Amino acid sequence: MRFIHISDVHLGMTPDKGKAWSGVRAKEIEDTFDKILAIAEERKVDLLLVAGDLFHKAPGIIELDMLDGKLAKLTNTKTIIVAGSSDYIEKDSPSETFEFKSNTVILPAGEFNNAYFEDIDTCITGFSYGQETYKENFAEGIEPQKEGAANILLMYGGDEEHGAFDFRKLADSGFDYVALGYLRKPKHMVKNKMAYPGSPEPLTHMDTGKHGFIYGQIIHGETRIKWESIACRSYINLGLEVKPEYTAAQIERVIEKQIDKMGSENIYRVILKGQKGRKVDTTFDDLTSRYMIYDIVDNTMFDYNKESLMKDNENNVLGRFIAELSRNDDVVSRKALEYGLEAVIATGEK
């Protein structure tokens, strides 16, 4: 029995609102979902397991019709969906009453429900959210529901506001596989037994690293899963060391070189550290117009001539501060002096 496990797709989301590329990212979320469906069709996958937050907010009829049309193209795959905290199912909402033409089931909200497929002898037990948070461990005591069949547990959550599961108990509860959602980064909790696939596309600049889905098989009662990358692009924190002699143009060239090396299709948060000259302007308007740079964080220190500053300010606060911190030449004292100089000079006081 072959399956694909996804979660936290967030169809309808527009990442990085206000950025020039936000519209592109919104489309890529849907495009990547379509790629996963194409893989499911190509591999003749039996089940598509969706562990919450398929949509960025509770879907209406239009969104569910769109989803139904996509899933109807799957000729071999049954889709099982549980709702998460973003697309939870309220009473009398479209998700509660929608009739799919495709081979799709959204499990009802607020309690565990089962979907058994005789042709593949597989039972999926799942819990859809009927509200945004669940502080109780609603999975306490859950067990496989179909003896002799392949049993899969499909759930969303895992922290104090979302289920507070005992992961070890879940792993030992007898399910052939526990398919989880909620974390946007992949995490293999128990080898071939329990995992978060993470979101197929990164959704914010905090979602660094690779993103994708889980492909799995259950053969003669033995489960094997493999995580596969699929995202169009990544968010990358790019740290660069600036030297005092660098001009603004040189700093820009260093950034440009690193971005080209790591992939110009990615979205960068550039973090500058080290020292720079006081007259160096680091606005980088040209760079931000040519690359997807989410933010440039300037953590550099200005390059000060400590001796000249102490001589010129020997009778004021700045001079006394330099003299005190210069007594020791260890790493901590040097770093304290750097930060302190920045702070004192920034006040404009002497």
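With a 1.4 Å probe and all protein chains kept in place, how do Tyr129, Tyr246 rank by accessible area, largest first? If you can, show how the numbers build up before the last one.
On the way: Tyr129 0, Tyr246 55 Å².
These residues rank, largest area first, as Tyr246, Tyr129.
Between Ala195, Ala336, Ala20, the Gaussian network model of the chain with springs among Cα atoms under 10 angstrom shows the greatest mean-square fluctuation at Ala336. When all alpha carbon pairs of segment 1-158 are counted in 5 Å bins from zero, the resulting P(r) reads 2, 9, 18, 21, 21, 15, 9, 4, 1, 1, 0 %. Across segment 110-126, coupling constants 3J(HN,Hα) worked out from phi with the 6.51/-1.76/1.60 Karplus curve, θ = phi - 60°, read x, 7, 6, 9, 10, 10, 10, 10, 5, 5, 10, 6, 9, 10, 9, 9, x Hz, and Gly and Pro carry x. Calculated mean residue ellipticity, 222 nm, the chain: -8000 deg cm²/dmol, from DSSP H runs (n ≥ 4) at -39500 (n - 2.57) each, averaged per residue and rounded to 500.
Tell me, what % of the accessible area of the chain is carbon and sulfur with a 1.4 angstrom probe?
On the way: 8360 of 17640 Å².
Carbon and sulfur together cover 47 percent of it.
Per residue, the solvent-accessible area of the chain (1.4 Å probe, heavy atoms of protein chains only, all protein chains present) comes to 50 Å². Here the chain carries DSSP beta bridges of which approximately 35% are antiparallel, counting only pairs with both residues inside. Here each label is just a point 7 Å from Cα along the line to Cβ, and for Lys44 and Lys169 those points are 4.1 nm apart. Output the pairs from Lys35/Lys261; Lys187/Lys261; Lys27/Lys193; Lys35/Lys101 with a Cα-Cα distance over 31 Å in this structure; if there are none, say none. Checking Cα-Cα distances, Lys27/Lys193 exceed 31 Å.
Cα-Cα pairs above 32 Å in the chain: how many percent? Summing the P(r) of the chain above 32 Å gives 46 percent of all pairs.
Given segment 49-173, what percent of its DSSP beta bridges are antiparallel, to the nearest 5?
35 percent
Placing a pseudo-label 7 Å from each Cα along the Cα-to-Cβ vector at Asn192 and Thr208 gives an inter-label distance of 3.3 nm. Which of Glu140, Glu111, Glu338 moves most in a GNM of the chain, Cα contacts under 10 Å? Highest fluctuation of the listed residues: Glu338. When the chain is treated as a GNM with alpha-carbon contacts under 10 Å, the residue of Gly18, Gly198, Gly239 showing the greatest mean-square fluctuation is Gly18. Check cross-link reach from Lys335 to the lysines: straight Cα distance under 19 Å, and skip same-chain residues fewer than eight apart. Within reach: Lys243, Lys273, Lys276, Lys306.
Scan the chain and note any complete DSSP helix (H) whose C-alpha atoms cover at least 20 Å along its axis and whose Kyte-Doolittle average is 0.0 or more. Display every interim value, and only then the final one.
On the way: long enough: 22-42 (30 Å, -0.26); 248-262 (21 Å, -0.44); 331-347 (25 Å, 0.68).
Helix filter hits for the chain: 331-347.
Whole-Hz Karplus values for segment 48-53 come out as 10, 9, 10, 9, x, 6 Hz, taken residue by residue from phi with 6.51 cos²θ - 1.76 cosθ + 1.60 and θ = phi - 60°; glycine and proline positions read x.
The values are calculated or read from the model by the stated rules, or taken from the named source; none is laboratory data. Everything numeric in this text was worked out from a predicted model, so none of it was measured. Note that we place each Cβ from the backbone using ideal geometry, even for glycine, and neighbour counts take in every protein chain shown. Side chains are part of the model used for accessible areas, which takes the heavy atoms of the whole protein and leaves out ligands, DNA and RNA. Shrake-Rupley method; radii C 1.70, N 1.55, O 1.52, S 1.80 Å.
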